[in-house]
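The values are calculated or read from the model by the stated rules, or taken from the named source; none is laboratory data. No experiment lies behind these values; they were computed from the predicted model shown. No Cβ is skipped: glycine too gets one built from the backbone with ideal geometry, and neighbour counts run over all protein chains shown. Note: accessible area is taken over every heavy atom of the protein model, side chains too, but ligands, DNA and RNA are not part of it. Shrake-Rupley method; radii C 1.70, N 1.55, O 1.52, S 1.80 Å.
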2 protein chains.
Amino acid sequence: MKLADYLFHLIRRQGVEHVFGIPGDFALPLYAALERSGLEPILATHEPGAGFMADAYARMRGLGVLALTYGAGGLNTVNPVAAAYAEKSPILVLSGAPEARLRASGFMIHHIVKGFDSQLRVFQEVTGAAAALTNRSTAVQEIHRVLAEVLIRKRPGYLEIPRDMVNLEIGRPGPFRPRRVRPPQPALQEAFREVLARIQQARRPVIYAGVEIERFGLRADVVTLAEKMNVPVATTLMGKAVFPEKHRNFIGTYMGRLGPLAAIQAVEDSDCVLSLGTLTTDVNTGIFTAHLDPRKVIHANSEEVCISFHHFPGVTLTDLVRFLRDCRNLRRRRFSPPRPPAARRRGRGDALRMDDLLAELDPYGDQHHTLIADVGDCLFGSVSLKTEVFLASGFYATMGFAVPAAVGAQLAEPRRRPIVLVGDGAFRMTGLELATARDHGLNPIVILANNGNFASLQCMGPPGGFYDLKAWDYVALARAIGGDGIQVHTRREFVQALRLADSAPGCFLIDAVIAPNEVSTPLRQLSAAVRHILAQNR
Amino acid sequence: MKLADYLFHLIRRQGVEHVFGIPGDFALPLYAALERSGLEPILATHEPGAGFMADAYARMRGLGVLALTYGAGGLNTVNPVAAAYAEKSPILVLSGAPEARLRASGFMIHHIVKGFDSQLRVFQEVTGAAAALTNRSTAVQEIHRVLAEVLIRKRPGYLEIPRDMVNLEIGRPGPFRPRRVRPPQPALQEAFREVLARIQQARRPVIYAGVEIERFGLRADVVTLAEKMNVPVATTLMGKAVFPEKHRNFIGTYMGRLGPLAAIQAVEDSDCVLSLGTLTTDVNTGIFTAHLDPRKVIHANSEEVCISFHHFPGVTLTDLVRFLRDCRNLRRRRFSPPRPPAARRRGRGDALRMDDLLAELDPYGDQHHTLIADVGDCLFGSVSLKTEVFLASGFYATMGFAVPAAVGAQLAEPRRRPIVLVGDGAFRMTGLELATARDHGLNPIVILANNGNFASLQCMGPPGGFYDLKAWDYVALARAIGGDGIQVHTRREFVQALRLADSAPGCFLIDAVIAPNEVSTPLRQLSAAVRHILAQNR
């Protein structure tokens, strides 16, 4: 068996069917191996797009794979791979590379920066595990080590495969069994006993659900747990939709002062916050406007369980959720869902506003669609939407995520049609990946919130001429790359366009024109918090 | 005076008028300072494009500046900054960052990867000098150190400026005087004496000119020197056009077996190769097909002079070129220019071929145009073109360089209209930066060598389905973003389109349709050399 054939065999065994990237001369033997493995190469228009495709695929399938060339290819994905690290998305980066036998030559090979190990060293900063397969006797071991880290810790991994190692004969490799080191049984029991006692004694327990629930495949378990306890469930912004948002126990996204009142009350008034797989980030805490008393928090993540101020290292989120799910004597509470706030109705012929646009998307948060938001107002505004599946760069907050993510998402779950919500600034970055969708028979609906500027920056920043974006003919652009589209200006036209898009067989872009300074209610609240921080710097 | 105001003051003093980038929340105070400095911010559609704009600007003006946000912005330019490192282009990267006072907090801030120093550590791998300005007492010193390194060594530098440091009052900064440490006078004299003796004794001396001639502003000096000695001048591919290619002493690009015969003979038969600022790279040496006997080579670069096998550290290219230029007793040789090979004429109504396309571009290599080639056949094919100014990623070989480089080049030298030669694969990556050109009243002519595949990869790689690119309507795309264009299929139509483009006031795209497997003569030769290397890996 050859080294690359074995690598792709392991990847297929994880349920992966597609690999994202762009070939280059150092990656040609790798691509030849990829093709004979039966995996389908998905060629992006630009490597940053390939990175976001793999990220979305990883979130839905448990592993996303990139195949890139050295230098110009690999180094073009540092941002999406860093984003995947920050948000715990299990990507495996495969990079071609110059021949291992050339490394001692001192020659300058194209695509090289300072030396042969520059790219490896860069990727060590943005991955959980990285290796250059330059040593014939350890290559298989290194593949096992890096892939296991990706699967266990959900952080990206990096494998560099020199051209003369791709077809290395490796004989019969040992078994690949990725396993986490388990804590001793008494540690588990002590943690479980204390958590259970705290929950049972609490008068107003609440579940505060974060992104790791989805990354570690615990969504169904948490639903079972919430129904058994019958307690309110809030999520973080980064963990939006890890709990089904149309579920009766769901009370909204808690992000400090910026989320709905019901979520603020339930979380901040609780005497036992069961925080499951959340990350304490500036965005999740509404730019530090959250008020959570650590003495009342049980926090479980993929590394440890923490109760008030003491830690149980090695007792994980998965351990705790499964224990509670199966626990027979958990008290069932009384819970009455909060009344939804009355929507203010405006005339449907009026100029389209961001709040209206979001309100009209509500019916699409169902089992037939995946909602994917880019950053800025598309991310913050979507807090008000109830969706079943939601993808976003909700913490790292990189622009340009959404359109390429739609490609990865629809390949990973073909029965859900992606609905992309993206601003004009972000669409300019990676919107051409719509062509990649078209190439593979996918049909995302792209809603372009076209306000002609970097609105989310402008409403928090100092005055300046550097927020404006000149107009493009986005519908013509969508048609030029094989899609279709329509421009709308009013709420009524937007609703009609959504229906048109829903019946269109291919990629469809709705160019939704919004006034330059018109932003959603959640973004207005967030901006005030950011302006407060900026004012302290004077 | 405030820290950022002082920084932009230093930058303006270097002759810089434009700064490239995209704002983000961590860069807003930096952008406000940029705007009040009088420098013009040029907003790209995507950060990789901004990187190539700054690279081209740096090559023509001596310094190019990027202003980016933290994480999602900065890490999106690792590839273009690495390219600038590899090719010695003096870029200064300015990145906004979270408040210095937040760094000890342990909070997770958006756009962060592993920690606050992740981005700095990544940039240390692709720059010559890097600093995060987190210390109030050393911030000015660090600016001086990094900027001096960029100006002296022509490698990119990186400065990270936290939001709460932008408006730091710095009092009266000390003088900024970037200076290289000079070798002792006797070392210079010993080197010069030996070089001169070797040149005088040689029977067939030749100048072999490389990229550093342009980076260190020595073009006019080398022309004077060549005319005084009256010797043949060849250049490397990376140094293409550092010597005027319509000059009578110019004999072509020497890249091993792959360049013109006159250049091979003059360089390889010479008993004294005066190699000025060249880099020994795989591309420059025609994938290692060059045969240069080191005993016959005098090599000068920005760090040292090397004669046969001994080195004079600290004696630089600039020192040597100026010495020889002013030397009174250099022997004048006899030189007769080689006869140009007879061009094979084909019917102008025939389907367009790459060789024809390149031949028709020859008249545009004049003082009114800058020729900019992307990689692949556009780079290798252009070896046969004679141009006055030529920009390309000639060593690092990153795709997507050319269209954004046209923006930087035309801002740097407004009297030269850029002519961009780019394949369809590379155009998909960064072609939308044409909109940035349009936004600033620039008018590059883009010649899209549209062969519907990654031709340069396919002709050297194994068989596979991963070379093909589906068709786009590139002319409609150019129009959607405010440009114009036309599609052509024959040599006659191409010539007519060039005339149309020349009279068009704005951005103009020529979609030149070429058969999928039709490549230039130089690329065919190069591919054979690469296939030979790949065959050794089996």
Output the number of residues of segment A:142-187 satisfying the condition of being in a loop (DSSP other than H, G, I, E, B) and either farther than 21 Å from A:Pro29 by Cα or not polar (S, T, N, Q) (or both).
23
Taking segment A:49-59, which residues are touching an Asp or Glu at 6+ places or on another chain (Cβ under 9 Å) and either within 14 Å of chain B (Cβ to nearest Cβ) or surrounded by fewer than 24 Cβ atoms within 10 Å (Cβ to Cβ) (or both)?
A:Gly49, A:Ala50, A:Phe52, A:Asp55
Against the definition (open to solvent by less than 10 Å² (accessible area, probe 1.4 Å) and either within 15 Å of the chain's Cα centre (by Cα) or within 14 Å of chain A (Cβ to nearest Cβ) (or both)), how does B:Glu388 come out, yes or no?
no
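A quick yes/no check of all residues on (1) modelled with pLDDT of 95 or more; (2) within 24 Å of B:Ser520 (Cα to Cα); (3) of a type outside the set (Phe, Trp, Tyr):
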residue: B:Leu218; (1), (2), (3): yes, no, yes
residue: B:Val242; (1), (2), (3): yes, yes, yes
residue: B:Ile264; (1), (2), (3): no, yes, yes
residue: B:Cys272; (1), (2), (3): yes, no, yes
residue: B:Val283; (1), (2), (3): no, yes, yes
residue: B:Phe312; (1), (2), (3): yes, no, no
Restricting attention to segment A:110-141, the residues that are in a loop (DSSP other than H, G, I, E, B), within 9 Å of another protein chain (Cβ to nearest Cβ) and surrounded by 22 or more Cβ atoms within 10 Å (Cβ to Cβ) number exactly 6
Quick one: would you say B:Ala266 is over 30 Å from B:Arg491 (Cα atoms) and crowded, with 22+ Cβ neighbours inside 10 Å?
yes
Inspect all residues belonging to segment A:95-108 and state whether any of them is facing chain B (nearest Cβ under 9 Å), surrounded by 21 or more Cβ atoms within 10 Å (Cβ to Cβ), assigned to a helix (DSSP H, G or I) and not β-branched (Val, Ile, Thr).
no
Filtering segment B:276-296 down to residues that are in a loop (DSSP other than H, G, I, E, B), buried (at least 24 other Cβ atoms within 10 Å of the Cβ) and more than 13 Å from chain A (Cβ to nearest Cβ) yields B:Gly277
Restricting attention to segment A:436-450, report how many residues are open to solvent by 20 Å² or more (accessible area, probe 1.4 Å) and farther than 30 Å from B:Phe466 by Cα.
1
May I ask you to list the residues in segment B:499-517 that are buried (at least 17 other Cβ atoms within 10 Å of the Cβ), outside any strand (DSSP E or B) and not aliphatic (A, V, I, L, M)?
B:Cys507
Go through (1) among the hydrophobic types (A, V, I, L, M, F, W, C); (2) over 30 Å from B:Val530 (Cβ atoms); (3) at pLDDT below 95 and name the single condition B:Val321 misses.
(3)
Considering residues that are under 23 Å from the mean Cα position of the chain (by Cα), open to solvent by 20 Å² or more (accessible area, probe 1.4 Å) and of a type outside the set (D, E, K, R), the number found within segment B:301-327 is 2
Return yes or no: is A:Leu477 out of contact with any strand residue (DSSP E or B) (no Cβ under 7 Å at 6 or more places or on another chain), surrounded by 21 or more Cβ atoms within 10 Å (Cβ to Cβ), assigned to a helix (DSSP H, G or I) and modelled with pLDDT under 95?
no
A:Gly485 being buried (at least 22 other Cβ atoms within 10 Å of the Cβ) and either over 17 Å from A:Gly376 (Cβ atoms) or away from every other protein chain (no Cβ under 14 Å) (or both):
yes
Out of the residues in segment A:297-333 that are without any contact (Cβ under 8 Å) to a residue 40 or more places away in the chain and touching a Lys or Arg at 6+ places or on another chain (Cβ under 9 Å), state the one that is farthest from A:Gln265 (Cα to Cα).
A:Glu303
From the list A:Phe335, A:Phe395, A:Phe380, which residue is assigned to a loop (DSSP other than H, G, I, E, B), of a type outside the set (A, V, I, L, M) and under 30 Å from B:Ile112 (Cβ atoms)?
A:Phe395
Residue pairs qualifying under the 7 Å Cβ cut-off, at least six apart or on distinct chains, with the first in segment B:509-538 being under 13 Å from B:Leu448 (Cα atoms) and the second being open to solvent by 20 Å² or more (accessible area, probe 1.4 Å) and of a type in the set (Lys, Arg), are B:Ile514/B:Arg353
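Every residue, every condition in (1) touching a His at 6+ places or on another chain (Cβ under 6 Å); (2) in contact (Cβ under 8 Å) with a residue 24 or more places away in the chain; (3) at the interface with another protein chain (Cβ under 10 Å from one of its Cβ atoms); (4) under 14 Å from A:Glu160 (Cα atoms), yes or no:
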| position | (1), (2), (3), (4) |
| --- | --- |
| A:Leu28 | no, yes, yes, yes |
| A:Tyr31 | no, yes, yes, yes |
| A:Leu34 | no, yes, yes, no |
| A:Glu40 | yes, no, yes, no |
| A:Glu47 | no, yes, yes, no |
| A:Arg61 | no, yes, no, no |
| A:Val65 | no, yes, no, yes |
| A:Thr69 | no, yes, yes, yes |
Can you run down the residue pairs with Cβ atoms below 6 Å, 6 or more apart or on separate chains, where the first is in segment A:143-170 and within 25 Å of A:Ala58 (Cα to Cα) and the partner is among the polar types (S, T, N, Q) and surrounded by 24 or more Cβ atoms within 10 Å (Cβ to Cβ)?
A:Pro156/A:Thr127; A:Gly157/A:Thr127; A:Tyr158/A:Thr127; A:Glu160/A:Ser95
For the subset of segment A:297-332 comprising residues that are acidic (Asp, Glu) and outside any strand (DSSP E or B), which member is farthest from A:His247 (Cα to Cα)?
A:Glu303
